[in-house]
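The structure appears right after this line, and notes come after that.
The values are calculated or read from the model by the stated rules, or taken from the named source; none is laboratory data. Since the structure is predicted, the reported quantities are computational estimates derived from the model, not experimental observations. For neighbour counting, all protein chains shown are included, and Cβ atoms are generated from backbone atoms with ideal geometry for every residue, glycine included.
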Amino acid sequence: MLVAPHPDGTRHLVSVNEPTDENPQGYHRLIGGSVELGETFEQAIIREVDEELGARIHDLAHLGTVENIFRFNGELGHEIVALYSGTVNPAPSDDGGTLTESDGVVMPVLWRPFDDSGVDVPLYPAGANAWIRFRSLELTSRPSRAAALRLDESVGFVRRDTNVLRFTP
């Protein structure tokens, strides 16, 4: 999934999703989707952004990987999410825009503030939420791996191995 910062550095792009049993006001989700058979995470995010937004990603960088266990309309779900940062071109307007899912459904997108303490709609994947808040100033410059791991652990991530972090709120 892509953390796509706005040029002003205070917001990032998310899709606006309809209400669910768990989220009656709806929810926001990072841009991206599923990996197809034979595809790398990087190839998948490039393809998904092209398909959904008709955009290219510039300065693509892998940020980390989070495990996300969730419920969607009562059903248990589980996903491993590769997080990337990069800017999209063309970018939606400041007022947002739309993306088109693979099944043809058109969904709104908007620029969600990195400092989202005043936003009532949750951001998913949940494991990326705290990570994004505490990394919002670092998205345009890659920190050292050691510094990134110390920061991850300080905000509730537990290192499971050298490449996967699990968020434990």
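Summary table
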| item | result |
| --- | --- |
| Flag if Ala82 is surrounded by 15 or more Cβ atoms within 10 Å (Cβ to Cβ), modelled with pLDDT of 95 or more and not charged (D, E, K, R) | no |
| Of residues in the stretch 85-97 being among the hydroxyl-bearing types (Ser, Thr, Tyr) and surrounded by 12 or more Cβ atoms within 10 Å (Cβ to Cβ), the one nearest to Gly64 (Cα to Cα) | Ser85 |
| Restricting the stretch 13-35 to residues that are within 18 Å of the chain's Cα centre (by Cα) and of a type in the set (D, E, K, R), the residue that is surrounded by the most Cβ atoms within 10 Å (Cβ to Cβ) | Arg29 |
| Whichever residue in the stretch 16-25 is in contact with a strand residue (DSSP E or B) (Cβ under 7 Å, 6 or more places away or on another chain) and modelled with pLDDT under 95 and, among such residues, is farthest from Pro92 (Cα to Cα) | Glu22 |
| Some residue of the stretch 70-86 being touching a residue at least 40 places away in the same chain (Cβ under 8 Å), more than 18 Å from Ala128 (Cα to Cα) and part of a loop (DSSP other than H, G, I, E, B) | yes |
| Among the residues listed as Gly104, Gly118, the single one being more than 16 Å from the chain's Cα centre (by Cα) and at positive phi | Gly104 |
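To keep it simple, each residue is scored yes or no on (1) at pLDDT 90 or above; (2) buried (at least 17 other Cβ atoms within 10 Å of the Cβ).
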| position | (1), (2) |
| --- | --- |
| Arg71 | no, no |
| Gly77 | no, no |
| Leu99 | yes, yes |
| Pro108 | yes, no |
